[in-house]
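To keep things clear, I will list the structure first and then write my remarks on it.
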Amino acid sequence: MTGRTASDGPDASGAPARGNGTARRRGRPPRTESAGTRERILDTAREEFAQRGYEKTSVRGIAKAAGVDSALVHHYFGTKEQVFEAAVEVAFAPVLTARSTVLEGPLDEVGERMTRMIFGLWESPVTRAPLLAIVRSAVNNEIAAGVFRRLVASQLLRRIAGQLDAPDAELRVELAAAQMVGIAMIRYVIKVEPLASADPELIIGRVAPVVQRHLTGP
């Protein structure tokens, strides 16, 4: 008998035959898989979550958009919740990096620093899409909201609260965050005019004193 060729169809296991006589295992990347495959899946996941929200996004949809098998997504990340958390963590990295800028400097200017950090991230095309994915998903799904709360509460708000000399520091920081999240929702998600088209510096100038009062006011 002649040897098996790549055109002979599936082998005994049901997997398509490869030209070298070996079959690719579903869900596990071959050694020649691009090193950027994981990052491509994450980038695609953020786009899908941003456009569709958590509820309407599926692992199968992410895989199709990324050009990979859904088993490969599971191999790298696990469940949809784990994919979302990984995507959020990467997207949230600029916030954690900028956090040190907020915490440095005079306390009576922390409101402006915090406001500039948050709206600077929203204004950047690089970080806006991931933030949209996080906010839209967290608003509509409790699982996504839980992931968002864990990251925001532990990595950002509590650390800022630790710098405030007040018994209700955590409440103060949460009120300041709520102020900016609400404005961001109207400006970037719902896009209500004239706020949606207003100059960022105008917004910062109006919002920063309110944030400062939440943080250090009476």
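The values are calculated or read from the model by the stated rules, or taken from the named source; none is laboratory data. What you are looking at is a predicted structure, and each value in this text was computed from that prediction instead of being measured. So basically every Cβ, Gly included, is an ideal-geometry build from the backbone, and we count neighbours across all protein chains shown. With ligands, DNA and RNA removed, areas are computed over all heavy atoms of the protein, side chains included. Shrake-Rupley method; radii C 1.70, N 1.55, O 1.52, S 1.80 Å.
The table below lists the values:
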read-out: The stretch 135-148 residues that are within 18 Å of residue 118 (Cα to Cα), paired with ones that are polar (S, T, N, Q) (beta carbon under 9 Å, 6 or more apart); value: 136/51; 148/137
read-out: Sole exception among (1) within 16 Å of residue 212 (Cα to Cα); (2) of a type in the set (D, E, K, R); (3) touching a Pro at 6+ places or on another chain (Cβ under 8 Å) for residue 174, by number; value: (3)
read-out: Pair list, Cβ under 6 Å, 6 or more apart: the stretch 176-188 residue farther than 13 Å from residue 128 by Cβ and touching a residue at least 60 places away in the same chain (Cβ under 8 Å), other residue open to solvent by 20 Å² or more (accessible area, probe 1.4 Å) and in a helix (DSSP H, G or I); value: 176/214; 180/118
